[in-house]
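Below is one structure, written out as structure tokens, with a few remarks after it.
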Amino acid sequence: MIREGYVQVEGGRVWYQMLGSGNAVPLLVLHGGPGSSHLGMRRLGELQQERPVILYDQLGCGKSDRPTDSSLWVVDRFVRELATLRDALNLTLVHILGHSWGTMLLTDYLLTQPDGVVSAVFSSPCLSVARWVADANAYRQGLPEAVQSTLKQCELLGTTQSGEYKVATEEYMKRHVCRVSVPIEERAERDAAFGDEVYHWMWGPSEFHATGNLKTYERMDRLREIHVPALFTCGAYDEATPASTRAYQALVANSKLHVFPNSSHSPLREEPEAYLATIREFLTQVELDT
């Protein structure tokens, strides 16, 4: 069973897709980016055998509207967008999984103390940009000297839109974002769905060079305010490093940590069976305990 449509939110319409109709509590998925789309999260639809799975494209990317008003690209508006979508789909009880930037959105939504959130999954979290950048700088030291030099020079000169910079960033991406190959057709589909304006405005020119309005994002001082059962996951080679993910998890009561040994930032692609089994086990156990 597949149901899809649009919900009017502040700034435009967002597209959603609801998969399955199981009796268990629905799972709502927050994709990464900002400016990515549901495409990288589609495999979570395999959980529809036991529960509805809701994927959606945040405003500015994918099948959702792409307004050009840059004032829309702030965390608080995305939080309101999430609340509006949840209300429109009558998700009275819900599990929420956020990946990467989606964990920022998830955190700020939970800090509004919404009712009915049964659990939260923080997949490859970024909850302190200062810590993220420090981890990225440490990883960059392991790149070939020529690559390091190119990255540094382009960032100093402001030529981060050059082909030279993009080629150099691929070395980082292959080690710490996705360590398995993605078919050319799928990469093209994701590129077409990507919201470049949102990404550059909120984050910056690359995964490890934060220049947008998220560069001061810091929530470690507020994680103790989260009281729902939570699961934190990351890959052993993740740009969301195991050390940082563990530090976040330690601040949230009633939370667990799982590190995927053969993954970086994309365990749903790199170790799909293990990832899905881990998420399924956590959601099921939370429901048994409540």
Exercise. If we scan the range 220-233, do we find a residue that is outside any loop (DSSP other than H, G, I, E, B), out of contact with any strand residue (DSSP E or B) (no Cβ under 9 Å at 6 or more places or on another chain) and farther than 20 Å from L106 by Cα?
Worked result: no
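Given the range 50-163, what helices (runs of 4 or more DSSP H) lie entirely inside it while holding 1 or more residues that are hydrophobic (A, V, I, L, M, F, W, C), within 16 Å of L27 (Cβ to Cβ) and modelled with pLDDT of 95 or more? Lay out the reasoning, then the answer.
On the way: elements: 75-88, 101-110, 129-140, 145-157.
Correct list: 75-88, 101-110.
Listed residues A253, A243; which is surrounded by fewer than 22 Cβ atoms within 10 Å (Cβ to Cβ) and outside any loop (DSSP other than H, G, I, E, B)? Reasoning before the result, please.
Numbers: A253 fails: outside any loop (DSSP other than H, G, I, E, B).
From the options A253, A243, the qualifying one is A243.
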Problem set entry | Residue in the range 33-42 that is surrounded by fewer than 18 Cβ atoms within 10 Å (Cβ to Cβ) and within 23 Å of G116 (Cα to Cα) present | no
Exercise. Somewhere in the range 265-277, is a residue crowded, with 17+ Cβ neighbours inside 10 Å, outside the structural domain of L111 (by TED's automatic domain parsing) and within 17 Å of D135 (Cβ to Cβ)?
Worked result: no
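Do the conditions hold for S206, that is, is it crowded, with 17+ Cβ neighbours inside 10 Å, modelled with pLDDT under 95 and hydroxyl-bearing (S, T, Y)?
Working: crowded, with 17+ Cβ neighbours inside 10 Å: yes; modelled with pLDDT under 95: yes; hydroxyl-bearing (S, T, Y): yes.
Here the answer is yes, as S206 does meet what is asked.
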Exercise. Right, M18: surrounded by 15 or more Cβ atoms within 10 Å (Cβ to Cβ) and touching a strand residue (DSSP E or B) at 6+ places or on another chain (Cβ under 6 Å) or not?
Worked result: yes
For this session: Scan the range 101-121 and give yes if some residue there is farther than 17 Å from I226 by Cα and either more than 16 Å from the chain's Cα centre (by Cα) or surrounded by 19 or more Cβ atoms within 10 Å (Cβ to Cβ) (or both), otherwise no.
Result: yes
For this session: Can you confirm whether the range 180-189 contains a residue that is touching a Ser or Thr at 6+ places or on another chain (Cβ under 8 Å), more than 17 Å from G102 (Cβ to Cβ) and not aliphatic (A, V, I, L, M)?
Result: no
Exercise. Just a yes or no: is a residue in the range 166-189 modelled with pLDDT of 95 or more, over 13 Å from S264 (Cβ atoms) and in contact with a Leu (Cβ under 8 Å, 6 or more places away or on another chain)?
Worked result: yes
For this session: Spot the failing condition for V94; the list is (1) out of contact with any Leu (no Cβ under 6 Å at 6 or more places or on another chain); (2) more than 28 Å from S264 (Cβ to Cβ); (3) not acidic (D, E), and only one is missed.
Result: (1)
For this session: Could you check R179 against (1) touching a residue at least 24 places away in the same chain (Cβ under 8 Å); (2) farther than 30 Å from R222 by Cα; (3) under 18 Å from the mean Cα position of the chain (by Cα); (4) in a helix (DSSP H, G or I) and say which number it fails?
Result: (4)
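Might you check whether a residue that is in a strand (DSSP E or B), of a type outside the set (K, R) and closer than 15 Å to R175 by Cα occurs anywhere in the range 265-284? Write out each step before concluding.
Residues of the range 265-284 that are in a strand (DSSP E or B), as a first pass: none.
There is no residue in the range 265-284 that is in a strand (DSSP E or B), of a type outside the set (K, R) and closer than 15 Å to R175 by Cα.
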For this session: Please list, ordered by first then second residue, the pairs with beta carbon atoms under 8 Å, 6 or more apart or interchain, first in the range 85-110 and in the same structural domain as V14 (by TED's automatic domain parsing), second small (G, A, S) and in a helix (DSSP H, G or I).
Result: H99/G40; Y109/A83
Exercise. Mind checking which residues of the range 213-233 are farther than 29 Å from A277 by Cα and hydrophobic (A, V, I, L, M, F, W, C)?
Worked result: L214
Exercise. Looking at the range 219-239, is at least one residue crowded, with 22+ Cβ neighbours inside 10 Å and among the acidic types (D, E)?
Worked result: yes
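The values are calculated or read from the model by the stated rules, or taken from the named source; none is laboratory data. Model, not experiment: these values are computed from the prediction. We place every Cβ from the backbone using ideal geometry, glycine too, and count neighbours over all the protein chains shown.
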